[in-house]
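The block underneath contains the structure these notes are about, expressed in structure tokens.
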Amino acid sequence: MTRVATCLWFADNNGHEAAAFYCGLLPDSRITMTMPGETGAPVAVAFELMGTPYQALNGGDRNRLGEETSIVVATEDQAETDRLWAALADGGQEKACGWLVDRFVVHWQIAPKGLWEMMCDPDREAAGRAFAAMLEMVRIDIATVRAAFEGRA
């Protein structure tokens, strides 16, 4: 067990299912520990997503996950962006600017490599064009953002 981890509270008692789904979706991810409850069904699960520790807690309906907390994935390329987006959006809800909510009500930001760098670039005019292009998107198309950043769009 690590000393610091993000805990996600699952109101619908599907934390183990969610953790297994995420671990199957992202490379270098795994379930590290499962705490069985009185019925034998998992109450809590410790897992890692690409080396980052998380916990899933089947905590009941008292608290629900919200937009205040999201998991950010920096994807390597458009193909990875599209693959993760399709899997996580299936049964969920697409939002704006690379945000979505999956079927387990976990909020995600799928941010292709280079997006943050362009928007934080010292050339504020180019950064502004990249930011404006991103604001028009649901799923991020990094080629379109880069074209805007470079003044080609």
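The values are calculated or read from the model by the stated rules, or taken from the named source; none is laboratory data. The model shown is predicted, which means the values in this text are computed figures rather than measured ones. No Cβ is skipped: glycine too gets one built from the backbone with ideal geometry, and neighbour counts run over all protein chains shown.
Could you list, in sequence order, the residues of the stretch 85-116 that are assigned to a loop (DSSP other than H, G, I, E, B) and either touching a Ser or Thr at 6+ places or on another chain (Cβ under 7 Å) or of a type in the set (D, E, K, R) (or both)?
Scanning the stretch 85-116 gives Asp90, Lys95, Asp102, Arg103, Lys113.
For the stretch 98-111, give me each residue that is at pLDDT below 95 and closer than 20 Å to Ile142 by Cα.
Ala111
Looking only at residues that are in contact (Cβ under 8 Å) with a residue 40 or more places away in the chain and in a helix (DSSP H, G or I) in the stretch 117-153, which one is surrounded by the most Cβ atoms within 10 Å (Cβ to Cβ)?
Filtering the stretch 117-153 for residues that are in contact (Cβ under 8 Å) with a residue 40 or more places away in the chain and in a helix (DSSP H, G or I), the one surrounded by the most Cβ atoms within 10 Å (Cβ to Cβ) comes out as Ile142.
If you take the residues in the stretch 1-25 that are surrounded by fewer than 20 Cβ atoms within 10 Å (Cβ to Cβ) and touching a Pro at 6+ places or on another chain (Cβ under 7 Å), which one is nearest to Trp85 (Cα to Cα)?
Ala5
If a residue has to be of a type in the set (Ser, Thr, Tyr), surrounded by 15 or more Cβ atoms within 10 Å (Cβ to Cβ) and under 17 Å from Ala18 (Cα atoms) to count, how many in the stretch 57-107 make the cut?
Summing the residues that are of a type in the set (Ser, Thr, Tyr), surrounded by 15 or more Cβ atoms within 10 Å (Cβ to Cβ) and under 17 Å from Ala18 (Cα atoms) in the stretch 57-107 gives 1.
Listed here are the residues, each with its yes/no results for (1) among the β-branched types (Val, Ile, Thr); (2) on the phi < 0 side of the Ramachandran plot; (3) in contact with a Lys or Arg (Cβ under 8 Å, 6 or more places away or on another chain).
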{"site": "Ala5", "(1), (2), (3)": "no, yes, no"}
{"site": "Thr52", "(1), (2), (3)": "yes, yes, no"}
{"site": "Val73", "(1), (2), (3)": "yes, yes, no"}
{"site": "Asp77", "(1), (2), (3)": "no, yes, yes"}
{"site": "Asp90", "(1), (2), (3)": "no, yes, yes"}
{"site": "Lys95", "(1), (2), (3)": "no, yes, no"}
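Please verify whether Thr32 is closer than 21 Å to Trp116 by Cβ and in contact with a strand residue (DSSP E or B) (Cβ under 8 Å, 6 or more places away or on another chain), treating the condition exactly as stated.
In short, no.
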